[in-house]
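The values are calculated or read from the model by the stated rules, or taken from the named source; none is laboratory data. Predicted model, so just to flag it, every value in this text is computed and none were measured. FYI the Cβ positions are ideal-geometry reconstructions off the backbone, even for glycines, and counts take in every protein chain you see. Just the protein is used for accessible areas: all its heavy atoms, side chains included, with ligands, DNA and RNA removed. Shrake-Rupley method; radii C 1.70, N 1.55, O 1.52, S 1.80 Å.
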Amino acid sequence: MESAAASAFLKSVMGRLFLVLEEEYNKHRGLAQETQSIQQDLRMIAAAMDDRIRALGRHERTAVARLYSEEMLDLAHDIEDCVDRFMHRLTCKHRGGGGGGAASSWAHRVAHELKKVQSRSSFADEIQKLKRRLKEAHQRVIDAIPVACGGQPSGLPLPSMVASSKPCRVTRNPIGIEKPMEEVQLLLDEVDGEPQQLRVISIVGFGGIGKTTLARAVYDSPQAKEKFQCRAWVAATGSDSSPEQIRGILRDIHQQVVPRDTMDFDNNHLEASLKEYLSDKRYLIVIDDIQMDEWRTVKSVFEHSSTSSRIILTTTIQPMANMCSSHGNGYVYQMDTLGEEDSKKIAFPGIRSPELEHGSAALLRKCDGLPLALVSVSDYLKSSAEPTGELCANLCRNIGCHLKEDHAQDNFSDLRKVLLDSYDSLSGYALSCFLYLGIFPNNRPLKKKVVTRRWIAEGYARSESLRDEQDIADDNFNKLVDWNIIRPVDTRNNSKVKTCRTHGIMHEFVLHRSFSQRFIMTLSPDHPRMGANARHLSVHDGKLTECMASDEDLSRVRSLTVVGNAGGAISYARKCKLIRVLDLEECNDLKEHDLKHICKLWHLKYLSLGDSIHELPRCIDGLHCLETLDLRRTKIKSLPIEAIQLPHLTHLKLEKFLSEKKSNLQTLAGFVTDDSKGFLQFISHMSKLRKIKIWCKSVAVANSSSYINDLSKAIQKFTKFPMDRDNDCSVSLDSSDEPSETFLSSLDMEPCSEGYKYDLRSLKLCGNFLQLPPFVTLLSGLKDLCISSPTLRLDVLSRLANFGKLLYLKLFANQFDNFKIKQGTLPSLRRLCFVVQSVSSGLPTFEQGALPNLVSLQLLCQGLVGLSGIDIRYFRHLKEVTICAEATAQTRQDWERAAQNHPNRPRVMLVKTANSMESEELGPCAMREKRKRFLDQPSLDDSLKKMRLSESSSWTQAVGRQVMTTATIASSSVSIHLHAEESGSWMQKTSHP
């Protein structure tokens with residue numbers, strides 16, 4: 001009966017279904033073509049308008065062009081949303097109801113197919129609407145910016161009508177410039193004994209930081225007038241300049257340095273004439289705000305000069321500064337923001353009162369020591385009859401409005417132009433990444449990995465090329481750093497940015513632009529108003545429910561970030577059907593029953609949870625698209641196997657686990673190993689793993705041999721690669737809790753088979769050892785090495801000479817053996833860091849010719865006295881020296897004097913010893929203390945026994961407990977027992993003086 005009923009039902013329903021399909025066939029037949037068509041239309045129109053905007057020039061970009069760029073970005077996001085909704089409806093798994101037999105099952109399938117038909121129809125209609133929007137946007141811009149026959153936008157000046165130099169604003173009697181001026185003036189002289197040669201000095205920093213003011217102060221100083229017989233100041237023309245405009249720079253220089261009675265020259269031979277005249281002169285030339293194409297054109301005139309001449313360039317772009325100063329013995333001078341006292345002197349000249357001090361504190365934080373922002377605030381307050389703290393507080397709340405491009409307040413016009421200049425330099429997804437920074441609070445460092453992984457999850461790292469999304473996200477991040485839009489706070493061993501911050505006033509500008517474009521809605525005490533239909537929500541302390549109506553449209557929301565109490569924000573998250581990022585790491589009141597609703601968010605790609613969560617539900621398998629699961633701040637002790645089996649999971653930021661199925665995981669942080677049998681299998685199933693951090697737990701003597709063998713095989717499998725491939729993987733091994741000094745030195749690998757090699761990019765070893773593990777010497781391609789041990793002996797250090805490709809070396813110890821680094825040792829090394837608890841035993845000495853490519857030397861040593869026998873003149877490419885801030889005044893003076901006598905004038909930087917010990921890598925003692933609260937947890941093998949998937953499983957799938965947060969593990973330097981031979985050593989033992 002049930003079968004007959006099902007058959008009758010099917011005939012009836014399927015008949016109507018075929019009628020519907022026939023009616024909709026023509027609409028669906030070209031659905032794929034329509035999708036491709038609208039995307040191609042978007043690219044074509046965007047490219048055409050980019051040509052128009054490029055003709056305007058970055059410094060002359062109009063408000064219309066800016067609005068067009070924003071509208072195209074909004075359309076691109078809407079098209080992505082449309083496709084995502086359609087694909088979700090077609091590809092999500094159909095889940096039938098409970099009972100009901102065949103009829104019920106067929107009914108659910110038919111209903112699902114009908115929904116697919118409706119989805120296709122709705123999608124086709126939406127595509128047509130988007131195409132109409134695209135054409136209308138295009139027409140609006142055409143009407144607003146008509147183009148003449150020659151391709152030049154009408155009403156714009158022709159290149160020949162534009163002056164070769166643009167005016168620049170220079171502050172008179174600048175505040176806080178004394179030390180920078182002294183440092184740059186030192187670069188005007190040659191070091192005794194050095195040959196006379198041209199030096200290019202690039203002053204780089206964020207717009208409005210005072211680059212032009214500093215360059216002008218140096219240019220006009222009595223010392224410069226006395227030392228240089230020829231001087232010229234030129235303001236560059238800006239980007240997208242014509243060749244004739246760029247030649248105008250040389251023409252301006254020629255007019256200023258060549259006497260008028262000898263200025264008879266052919267304009268076609270301008271370069272030759274100027275080069276001949278300057279050939280035997282000592283000159284100082286300043287080119288303000290230079291661009292790459294301008295420097296390529298003019299630099300040939302100044303090459304091969306041997307008269308100790310100087311060229312000073314200013315730019316906001318870091319690669320530009322690096323490239324210009326790569327000529328000869330160049331120097332890049334990085335501008336810093338002003339301190340609090342200097343900021344007050346600029347913002348409130350001659351005005352001080354307790355009420356003003358209190359009311360202006362938040363405003364000064366937003367200005368963030370940026371001179372141009374402080375001058376703008378000062379001008380604003382001067383225009384008021386009574387500058388008070390209350391007025392400052394009001395300006396602080398509304399400063400974003402003053403940065404709006406069509407605002408009538410002239411006091412902020414210069415600052416607005418500088419900020420828009422950075423804004424206009426970005427387009428497409430790079431612009432989305434820039435606006436996205438407004439989500440994060442600016443009162444704390446921001447982790448690069450968090451930012452880039454969220455960009456990827458949002459779809460802001462897509463490309464038509466075959467490039468990896470992580471590479472694209474890194475490029476967008478680096479561009480923001482290169483343009484000095486965001487500034488590094490902390491860097492890794494390899495000098496790559498670890499944490500960063502947006503400049504205070506730029507962060508306010510980003511927020512305002514994001515609000516106006518409905519890109520971000522931030523609900524906080526500073527921004528209590530509700531925006532309409534934003535893409536990204538950021539909620540502070542439960543403000544969402546106070547500002548949002550219950551029927552608010554959240555269909556466009558892609559991310560939700562909660563800081564403090566969520567209030568009703570989680571219930572609103574259920575309505576965000578396209579949400580891709582849910583950041584609840586700092587949410588205080590998230591409940592575990594909320595997770596059941598979160599696990600229904602099919603599009604979610606990034607999820608982070610906070611310390612109110614103790615357990616994940618098994619329904620987490622509903623997060624089909626999840627790529628990053630960050631549980632570092634949770635109190636979770638074990639994971640359901642469904643979390644491990646998520647098909648797209650790439651980064652699991654938690655703890656230790658195993659998986660029988662193939663995994664996409666690339667990062668595994670904080671894995672604790674003991675004498676359990678699961679570790680080798682774990683490595684073998686993580687074929688895409690690129691980064692692993694392991695704690696080697698102390699094991700019984702009876703089991704140590706088997707454990708060492710398993711660990712050696714696991715490392716062997718992880719590091720074995722074909723000869724024609726480079727290994728970009730990193731390993732961190734910590735054996736600090738293993739009392740045996742021979743444990744890590746027992747790790748070894750079999751000889752590599754033909755056609756293969758052992759290779760790693762980065763290795764971190766932490767422990768108590770006397771010899772270098774034999775396997776380390778097999779890693780000839782190692783680029784980054786960090787070793788930490790209570791004592792580092794000559795036997796350990798002598799083996800390091802084998803690493804000819806090593807770029808970064810960091811050594812932690814309570815005590816070093818005395819040793820000398822020989823000539824020709826570590827020829828590729830760029831950065832060397834010593835972190836020593838005591839220098840009573842002495843630091844290494846260096847032979848002339850050792851470390852020929854060293855650019856950074858860090859001596860983070862308590863009790864450092866003077867130069868400790870180190871002669872930095874041996875390091876010809878040295879750019880920076882870092883010592884502890886606790887060093888005595890005499891020691892600081894000794895290093896500053898040594899830097900002044902070095903041809904490169906390396907910067908001497910001070911860091912607090914506590915920060916250096918805790919930031920990137922921790923010393924053995926500090927690490928041991930941090931681990932105490934973790935190591936009393938059950939062993940990994942015990943956890944594996946809790947979750948047997950089936951009797952036939954060869955080994956158990958499970959998850960271990962949290963041992964350490966990834967941030968902590970990432971900051972642990974791992975050491976290992978090392979094996980060394982005396983023969984051919986690159987370090988010689990020396991006796992105490």
*Under a point spin-label approximation (7 Å from Cα along Cα-to-Cβ), what is the Asp490-Arg133 distance to one decimal in nm?*
4.1
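Between Met292 and Lys575, what is 0.36 nm times their sequence separation minus the Cα-Cα distance? Round to one decimal in nm. All intermediate terms of the calculation are to be shown ahead of the outcome.
Values: separation 283, 0.36 × 283 = 101.88 nm, distance 4.82 nm.
Extra length available between Met292 and Lys575 comes to 97.1 nm.
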*Which sequence of Thr314, Thr742 reflects their accessible areas, 1.4 Å probe, from the largest down?*
Thr742, Thr314
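Would you mind counting up the charge near Thr628? Only other residues with Cβ under 11 Å from its Cβ, with Lys and Arg at +1 and Asp and Glu at -1. Walk me through the numbers on the way to the answer.
Values: positive: Lys449, Arg453, Arg454, Arg580, Lys605, Lys653; negative: Asp583, Glu627, Asp630.
Taking every Cβ under 11 Å from that of Thr628, the sum is +3.
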*What size of dipole, in debye to the nearest 20, comes out for the stretch 189-334 about its Cα centre when the only charges are +1 on Lys and Arg C-beta atoms and -1 on Asp and Glu C-beta atoms?*
260
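Quick check: residue separation of Ser384 and Asp724 times 0.36 nm, minus the Cα distance between them. What number comes out in nm? Intermediate results must be reported in sequence, preceding the final value.
Numbers: separation 340, 0.36 × 340 = 122.40 nm, distance 6.98 nm.
Full extension from Ser384 to Asp724 adds 115.4 nm.
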*asked:* With the crude spin-label approximation of a point 7 Å out along Cα→Cβ, what separation in nm comes out for Glu896 versus Asn853?
replied: 3.3
_As a test of understanding, state the convex hull volume per residue of the stretch 189-334 from its alpha carbons, in Å³._
107
*Net charge over other residues, Cβ less than 15 angstrom from the Cβ of Pro722 (K, R count +1; D, E count -1)*: -1
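Can you work out the accessible area per residue across the stretch 340-415, with the rest of the protein chains kept in place, probe 1.4 Å, in square angstrom? Mind showing how you got there, number by number?
On the way: 3640 Å² over 76 residues.
It amounts to 48 Å² per residue over the stretch 340-415.
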*When the gyration tensor of the stretch 340-415 is built from Cα positions, what are the square roots of 5 times its three eigenvalues, in whole Å, from largest to smallest?*
18, 13, 11
*Output the pairs from Lys653/Lys720; Lys179/Lys344; Lys211/Lys912; Lys764/Lys879 with a Cα-Cα distance over 20 Å in this structure; if there are none, say none.*
Lys653/Lys720; Lys211/Lys912; Lys764/Lys879
*Listed pairs Lys129/Lys575; Lys447/Lys810; Lys713/Lys783; Lys496/Lys822 exceeding 26 Å between Cα atoms*: Lys496/Lys822
*asked:* Accessible area of the stretch 326-396 with a 1.4 Å probe: how many percent of it is carbon plus sulfur?
replied: 52
*How much FRET efficiency would the formula 1/(1 + (r/R0)^6) give for Lys404 and Ala430, where r is the Cβ-Cβ distance and R0 is 25 Å, rounded to 0.05?*
0.70
*Give the peptides 498-509, 882-893 in descending order of average Cβ contacts within 10 Å, highest first.*
498-509, 882-893
_Per-residue SASA entry for Arg761, accessible area with 1.4 Å probe, Å² rounded to 10_ = 60
*Starting from one equal scatterer on each C-alpha and no solvent at all, send me the Debye-based log10 I(q)/I(0) for the stretch 277-379 at q = 0.20 Å⁻¹, two decimals.*
-0.95
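Considering only the other residues whose Cβ falls under 13 Å of the Cβ of Gly849, what net charge follows from Lys and Arg at +1 and Asp and Glu at -1? Intermediate values should be presented prior to the final figure.
Working: positive: Lys820, Lys822, Arg873, Arg876; negative: Glu847, Asp871.
Around Gly849, the charge tally is +2.
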*Whole number in Å², please: accessible area per residue of the stretch 189-334, 1.4 Å probe, ligands, DNA and RNA not counted.*
40
_If you average the alpha carbon positions of the stretch 498-517 and of the stretch 617-651, how far apart do those two centres end up, in angstrom?_
32
*Please calculate the 1.4 Å probe accessible area of Trp233, with all protein chains present, and give it to the nearest 10 Å².*
30
*asked:* So if each residue of separation counts as 0.36 nm, and I subtract the Cα-Cα distance between Asn268 and Lys179, what length gain in nm does that give?
replied: 27.7 nm
*Taking the Cα-to-Cβ direction at Glu357 and at Glu226 and moving 7 Å from each Cα, how far apart do the two end points lie in nm?*
4.1
*Taking the C-alpha atoms of the stretch 426-517, how large are the radius of gyration and the largest Cα-Cα span, Dmax, in Å?*
12.7, 40
